[in-house]
Structures are given as structure tokens and as C-alpha cells.
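In what follows, a structure is listed as C-alpha cells, so that the remarks can point back to it.
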Amino acid sequence: MVTGKKSKTGARIAIGVLAVFSVLWILPILFTILQSLRPYQDVLKYGIMSFPSHLSFHNYYDALVQSKMWLFFFNSVEVAVPAVFLTLLLSSMIAFVLSRYRSRFTVPLLMLFTAGNLLPPQLLFIPLFRLYLKIPVPGFINNNHVLYDTQLGLILVHVAIQIGFATFMLTNYLRTIPKEISESALVDGANVWNHYYRIILPLLRPALASLGVLLTTWIYNDFFWSIVLLKSGNKRPITAALSNLQGEFNTDYDLLAAGAVIAFVPTLLVFFAMRKHFVAGLTLGATKG
């Protein structure tokens, strides 16, 4: 009985602590949403920490129409979709080779892909920035055209950064799948491509769905590389374009809050639509059968 009471007390304390942290986490979001509905004159008159006298959606109209946030949203889609697709494609191929065709280079290669994620981006951006200024883009008539300030360059950076994590997760996931399936395919005469495309890839669909949700969230929310590698304002994704809502001498923080809400709504919708895959992705490859 005493043990049961202690366990119930511990559970209640844990629930209480989690509830407090949940409220502390959601308060800034609610404050941002409230500020996005306030007119700028209301803030000037009563202060930013005051309760609004009235609410309106005028800031959302200014952010979407006058500031053209919808255009920057499509810039984010143009970067996120190809980057996620290429990352999943390449990482699934690499994971297939590392998990099904063992050699003495398997472990060093997997360690190399994993080590790439340990380097902070602040350490990489200087050499990468100089490299981008020297590499021409194939297919362009202008020989002076470089990867810097192009969406292609931003896509390649995201693929290079995320491919290590995706390869590590998919490799561990494939190790949970019995090798007898691959051996049966090889006995039936399947070549390498058929082995990957017809056998392994269908088995990877749950893992690819989980990783797809995670990668979409990370790449869509990127701010650092967008600022570093894109100088043209009309090419930036929506997260980096929020800086365009700041004035040189004055900033309408209500308009900025409305832009921030517009920016995070798509990821919120993706999360609720694919929340099962998202939660599964948090433990992807954590166990090995």
C-alpha cells in the first residue's frame, strides 16, 4: 500500500511539473499570437505589455499582401521539397549499401557520416561561403554565376548537412529487418537495383515517412543558412524574410508577430497531420532486433 501511494504521489508530482513547463512553453506563443492581433497604435498608446483595447486581422493582411509573405512561403517550399527528397533518396541508398553489403569500410563510413553532424554550422559557414563564391553553376551562360545567392546552393547545403543523420537512422532501421529477406531476393536472381528498389525501399516506407516529417520541419525552419548564403531578399525563405519586416529606425512588432505566426502555421499543420510519424521518428533506429 505504501509503495502504491508513493508511486501515485510521484506520478502527480511529475504531471504537475510537466504542466508547469507546458504552460511556460506555450505562454510566449500565446503572447505572440495576441500581439499579432493588436494594432500598432494601440501598442504605442498603452505599451506592449498592456492588454489590447481591441483586436483585428489587419497585421495579417499587411504581412501577406503588402509584405508578400506568401511569396517567401513558396521560396521555402521550393527549397524544402527538393532538399527532403534528395536527402531521403541518397541516404536510403547509402544505408542500403552499408547495412546489406558489409566490408571493412562500413563502420568508418558510418562514423564519417555521423561525425559530420557533430560540427556546428558556425564553424562551417566561413569555408563554405568562400567555396560557394568560386563554384560556377552548370548550365548557366554567365560564367560568373556562382552557387552563392541561389536556391540550388541552399538546397545542396541542407542535403549535405542532413544526409549524415538520415543515413545513420536508416542504417540502424535496416539492421532491424531480417537479412533472410535480402538473401531470398539474391537467391531469386535480383540484381542490386531490384534488391534496393523492389525489396528494401518498400520496407523503408515507415522510416522514410518519419524522417520526411523531421527533415521538413528542420529545413523549413532554417534561418542561419538562409541568411548566410542568400543576399537577395526576394529569394529568401519565409523564416529569413521575417527580417524584412524590421525597419531601419523603427519596427512594428505587431506586424513582425503576425509574420512569425504565418511562418509557423505550415509546420504546425504538418505536425498535426503527421504526428504519428513524427513521434515515431524520435525513436527511429533506437533499437536493434
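Looking at region 90-102, can you tell me whether even one residue there is at pLDDT below 80, of a type outside the set (Lys, Arg), in a helix (DSSP H, G or I) and more than 23 Å from the chain's Cα centre (by Cα)?
At the first step, the residues of region 90-102 found to be at pLDDT below 80 are 101-102.
Subset that is of a type outside the set (Lys, Arg): 101.
Subsequent filtering for residues that are in a helix (DSSP H, G or I) retains none.
No, the conditions are met nowhere in region 90-102.
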State whether one or more residues within region 152-170 are surrounded by fewer than 19 Cβ atoms within 10 Å (Cβ to Cβ) and over 21 Å from the mean Cα position of the chain (by Cα). no
Counted residues in region 54-88 being assigned to a loop (DSSP other than H, G, I, E, B) and within 16 Å of Thr32 (Cα to Cα) come to 4
For residues in region 179-198 being in contact (Cβ under 8 Å) with a residue 24 or more places away in the chain and either under 19 Å from Gly212 (Cβ atoms) or not charged (D, E, K, R) (or both), which is surrounded by the most Cβ atoms within 10 Å (Cβ to Cβ)? Ser182
Of all residues making up region 215-242, the number that are outside any loop (DSSP other than H, G, I, E, B), among the aromatic types (Phe, Trp, Tyr) and touching a helix residue (DSSP H, G or I) at 6+ places or on another chain (Cβ under 6 Å): 3
Within region 244-289, considering residues that are of a type in the set (S, T, N, Q) and within 30 Å of Tyr61 (Cβ to Cβ), the one modelled with the highest pLDDT: Thr267
So which of Val77, Val84 is modelled with pLDDT of 90 or more, under 27 Å from Asp149 (Cβ atoms), in contact with a Gly (Cβ under 8 Å, 6 or more places away or on another chain) and aliphatic (A, V, I, L, M)? Val84
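Please determine whether any residue of region 199-222 is polar (S, T, N, Q), closer than 25 Å to Gln66 by Cβ and surrounded by fewer than 22 Cβ atoms within 10 Å (Cβ to Cβ).
In the first step, residues of region 199-222 are kept if they are polar (S, T, N, Q); the result is 210, 216-217, 221.
Still in the list and also closer than 25 Å to Gln66 by Cβ: 221.
Still in the running and surrounded by fewer than 22 Cβ atoms within 10 Å (Cβ to Cβ): 221.
Yes: region 199-222 contains one or more residues that are polar (S, T, N, Q), closer than 25 Å to Gln66 by Cβ and surrounded by fewer than 22 Cβ atoms within 10 Å (Cβ to Cβ).
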Hits in region 202-237 - residues which are within 17 Å of Gln122 (Cα to Cα) and free of Cβ contacts under 8 Å to residues at least 40 places away in the same chain: Phe223, Ile227
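The values are calculated or read from the model by the stated rules, or taken from the named source; none is laboratory data. Remember, it's a predicted structure, so these values are computed and weren't measured experimentally. Glycine gets a Cβ as well: all are built from the backbone with ideal geometry, and neighbour counts include every protein chain shown.
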